[in-house]
1. With a ≥ b ≥ c the root eigenvalues of the C-alpha gyration tensor of the chain, is it rounded (a/c under 1.5), prolate (a/b larger than b/c) or oblate?
2. DSSP beta bridges in the chain, what fraction antiparallel, as a percent rounded to 5?
3. So between Ala292 and Phe228, what do we pick up on full extension, going 0.36 nm a residue minus the alpha carbon distance?
4. Relative contact order for the chain using alpha-carbon pairs under 8 Å, separation at least 6, rounded to a whole percent?
5. Running a GNM on the chain with Cα contacts under 10 Å, which residue among Gly121, Gly275, Gly347 ends up with the highest mean-square fluctuation?
6. Given the options Val259, Val50, Val321, which has the most mean-square fluctuation in a GNM of the chain, springs set between C-alpha atoms less than 10 angstrom apart?
7. So, with +1 on the Cβ of K and R and -1 on the Cβ of D and E, and no other charges, what is the size of the charge dipole of the chain about its Cα centre, to the nearest 20 debye?
8. Please sort through the DSSP H helices of the chain and keep those with an alpha-carbon extent of at least 18 Å along the long axis and a Kyte-Doolittle average not below 0.0.
Amino acid sequence: MSKSFSFHISANDGRARTGIVSTPKGDIRTPAFMPVGTAATVKAMMPENVRETGADILLGNTYHLMLRPGAERIHNLGGLHKFMNWDRPILTDSGGFQVMSLTDLRKLTEEGVKFRSHIDGSEYNLTPERSMEIQRLLGSDIVMCFDECPALPADRARINESMQLSMRWAQRSRDAFGDRPGYALFGIQQGGLEQDFREESAEALQKIGFDGYAIGGLAVGEGQDAMFGVLDYAPNQLPQDKPRYLMGVGKPDDIVGAVQRGVDMFDCVLPSRSGRTGQALTRFGAVNLRNARHKDDPRPLDENCTCPACSNYSRAYLHHVHKAGEIIGSMLLTWHNLHYYQELMQGLRDAIAAGELDAFVAQFHATRAQGDI
Ligand SMILES: O=c1[nH]cnc2cc3nc(NCCN4CCOCC4)[nH]c3cc12
Ligand SMILES: [Zn+2]
């Protein structure tokens, strides 16, 4: 186990890279997908089973945990790893994005964001300094800067104003984080869909200096074409020897396209959230198990998948338990979806290492074009 935080790239294929992020809590194979453990749990999954799907790292949400059960409480109980029984790396977001997307009553100033809890209405004041303190109390291994992610569409003036604020907050986050060997602080690039603002943001972040760099401000409704348009240049604006993390992404084809463009780390609620709604994410694309066409189907969801859902149950059973609202329905499809995502990441890592990414991507799209039979 490494005592410090480091990133080693073992192979490149075009702009894509594969490697290892080493942390004192364990290694993270990249390209990596981080399951989202919002309220100290990856919903419907035991942590040992999340590990079984192949996850090296989880994401925790500062906003949710600060409201309930509280950062000081988790700290006093031994920290988030002990609290949720996950002893490998945890990345926590800074809370800013959730405040803006989950609360109505809020006030944004230079200082930070004042808001009322969506749970009990109590008032909070989240600043770069408080966000760093919360993530330290949680024991997060990779801490995210406190930033502002502007809602799109927004005019250039608004995007620039928001990016400049986020850069000032990045400096305050860096100053408040302090010197914590073994723990990492990632900066977050902003700038909307504007290449010049993103360049300016990347330069500002590099001047401050971070252990990794996230690409923020995307997956906020701009659509895949616009997102890929930004990814055609944004990863290259960031240091090539540090991890690049695309926040909130995404669907399997989003991830494949972003890996091709040089992104190393991902997080998204999609595989776990859709697992609870009866949507399976497979090699063939999305399959809605609530659809009546599965009612009498004795076949597995995917005969090539080795997850418990595909190994031991029929489509008919998955259809039944989702229609009946049985808890096992969420368990099985969440497990399958996370297993599929990790299998996709492993396939990408292997393809990059073998210099065969183009062939892998062609096969990925060809299989999806067949659709679900
Ligand atoms: O700039 C950002 N800064 C800090 N956190 C973020 C989180 C983010 N999450 C998304 N998109 C999430 C999209 N999800 C897709 C699945 O359904 C729920 C929403 N975009 C994001 C941007 C940022
Ligand atoms: Zn499966």
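All of the numbers you see were taken from the coordinates with simple rules; none came from a lab. As the structure is a computational prediction, the values presented were derived from the model and not from experiment. Glycine gets a Cβ as well: all are built from the backbone with ideal geometry, and neighbour counts include every protein chain shown.
1. Prolate.
2. Counting DSSP beta bridges with both partners in the chain, the antiparallel share is about 50 percent.
3. That works out to 19.5 nm of additional length.
4. On the way: 741 pairs, mean separation 63.1, N = 373.
Once normalised by length, the contact order is 17 percent.
5. Of Gly121, Gly275, Gly347, the most mobile in the Gaussian network model is Gly121.
6. Largest GNM mean-square fluctuation: Val321.
7. Approximately 860 debye in magnitude.
8. 327-354, 357-370
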